[in-house]
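The values are calculated or read from the model by the stated rules, or taken from the named source; none is laboratory data. Because the structure is a prediction, the values reported are computed rather than measured. When we count neighbours, we look across all protein chains shown, and the Cβ atoms used for this are built from the backbone with ideal geometry, even at glycine. With ligands, DNA and RNA removed, areas are computed over all heavy atoms of the protein, side chains included. Shrake-Rupley method; radii C 1.70, N 1.55, O 1.52, S 1.80 Å.
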Amino acid sequence: MADSLVIPATTPRSSEGCSMKGVVEKEAEKKGLQQQQQQQQRCQSWLQSKRRLCASPAMPGSQYCGNHKPSATQTRVCCPIDPSHTILQEEVAIHSRKCPAVKQLERFEKQTYFAKGINAGETIKEFGASESVQSQNKFLSPGSKRAAVSAMSTADFQDLLRRIEKAFEQSCREVIEISILQPQACSKWLSPDRDRKLPYQEKHALQQASLLGNLESFGLLNTKNGETADDRNGSANTGNKSNFAVVELGAGRGYLSHMLCDCYNVQNVVMVERRSYKFKADRTLRQLKGIALERLRIDIEDLNLQEVQSLQGCNFIAVSKHLCGPATDLSLRCCIHGADSGLSNGTPNNDGCREGSGNPMLNGLGIATCCHHLCQWSSYINKQFFRNLGFSIEDFHAITWLTSWALSGTEEHGLTESGALMEAFELPVDHVHAVAHVSSKPRLSEAMNAIDATARAVLGRKCKRLIDMGRLQWLTERGMQAKLVEYIAASVSPENRLLLARWANVMQ
């Protein structure tokens, strides 16, 4: 019998599949409509500091919640306690008593290491300035500085450029050493086989490894924590690991300290950070055996390191990666304040160390500076340096704004006028609500527009170098060996200058 042709029977699955597909599409469409409705029901006020819309529900018949509803008769102002949010002007007195930031400030003030404004620096009045310039003692935003520079006449602006060039040739003759290191101790963090669970980007790992490598080559670190550095009196460390500590200033999430503990066997760490962060390295560090970790949530301006209990009897080094603007100046005072002003119990010797004192003793520091456009005259560490170069207070603020050209040519480091101050920088709370806001960026003058982008970038780098050179000179005047190095390639981070300092008798 001939083979018969078998025709497979069709199944109803095709029609069933089409119907299921339709159901899925309808569900997705329904879900999208629900999300769209929820989005429309949310407050439409844009929060610049958080880069998102307000999450509160909008009031009935309005696009905004009760906190952000605009009014023709009511004015909103920054909270005097915490400028990160706004309140109605007529409710300032009531809100000042119940603002959650009040309790937080009260907790700060009860700490033994809290000393209001101890690292703030001298006021303009102490330098004999007239009352007419006292207003410049407040914090000036990049927009305010830009407005002042844009208002300069062509002749005044060109004169300022000539004086900057002269000051640079006079004080910055040495070529900055290029010191891009990948120390053996940090090799496991740079390896492709490293733990991918850590929230790390390669550029951050490269910067942190080079920063620590420079500290090691400068004699402030080695892989044996107990032998990290000789003490300030010139005798070798006894090997007791509890006698050595690292203070990370502007610690953020603390991953620089994480690498320190993992690669250099550091067992005593103090992190200083004003803001609260998620996804910190603290949880991992606290699980490591033998690590003593303390996080101080305090403004560097108000921190007296001599009163931190976990540092008592310790030699310590201070480190920071990208310590923004005036925070670098506050940190230098914070670290050297005790030796320089006699706050310690012991008597300072020629190098500023305390003999017979159980207070913390600084071995040295390594600070990667950045955001020079935020620097302020009131907090700058070496005002006399700029005075000796013939610059006024107004000139200093103009120079700080011109540093933004090193990164962008014409823009202020990608900052927006509102919200940027509280976003990422170590700025004193008291200074922030003194900001002179500018609603729109003023146009650059013809003299500034005549400079091409390359020349702007060169000028910006020279201005940054002048600011860092004043800091370097301040350290050397206090008996420290100090230098400025380029610790990472500009392609990885354009903010690539590292300030290193140690006492002369701290040996490698």
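Distance between the C-alpha centers of the range 54-125 and the range 472-487? Whole Å please. After rounding, the separation between the Cα centres reads 39 Å.
Once the other residues with Cβ under 14 Å from the Cβ of ARG163 are scored (Lys, Arg +1; Asp, Glu -1), what is the net sum? Surrounding charge for ARG163 is -2. Computed with a 1.4 Å probe over protein heavy atoms only, the accessible area of PHE108 comes to about 40 Å².
Quick one: grab the alpha carbon gyration tensor of the range 261-345, order the square roots of its eigenvalues as a ≥ b ≥ c, and give me rounded if a/c is under 1.5, else prolate or oblate depending on whether a/b is larger than b/c.
Oblate, since a/c reaches 1.5 and b/c is not below a/b.
What's the ranking of 284-292, 490-498, 399-407 by average number of surrounding C-beta atoms within 10 Å, highest first?
Final packing ranking: 399-407, 490-498, 284-292.
One chain, two ends: ASP156 and ILE291. Fully extended at 0.36 nm per residue, the span grows by 43.0 nm beyond their Cα-Cα distance. Looking at the range 466-505, what % of the alpha carbon pairs are farther apart than 16 Å? So the pairs more than 16 Å apart make up 39 percent of the total in the range 466-505.
When all protein chains stay in place and ligands, DNA and RNA are ignored, the 1.4 Å accessible-area order of VAL269, VAL175, largest first, is VAL175, VAL269. Working from label points 7 Å from Cα in the Cα-to-Cβ sense, the ALA28 to ARG97 distance is 5.7 nm.
FRET efficiency for the VAL175 to THR75 pair, using the beta carbon distance and R₀ = 60 Å, is estimated at 0.65. Measuring only protein heavy atoms, the 1.4 Å probe finds VAL458 accessible over about 60 Å².
Exceeding 32 Å between C-alpha atoms, which entries from my cross-link table qualify? They are LYS203/LYS383; LYS50/LYS203; LYS116/LYS464.
On the way: LYS203/LYS383 34 Å; LYS50/LYS203 24 Å; LYS116/LYS464 29 Å.
From LYS203/LYS383; LYS50/LYS203; LYS116/LYS464, over 32 Å: LYS203/LYS383.
Within the full protein context, the accessible area of MET469 is estimated at about 30 Å² for a probe radius of 1.4 Å. Packing, taken as the mean count of other beta carbons within 10 Å per residue, orders the peptides 49-57, 76-84, 257-265 from highest to lowest as 257-265, 76-84, 49-57.
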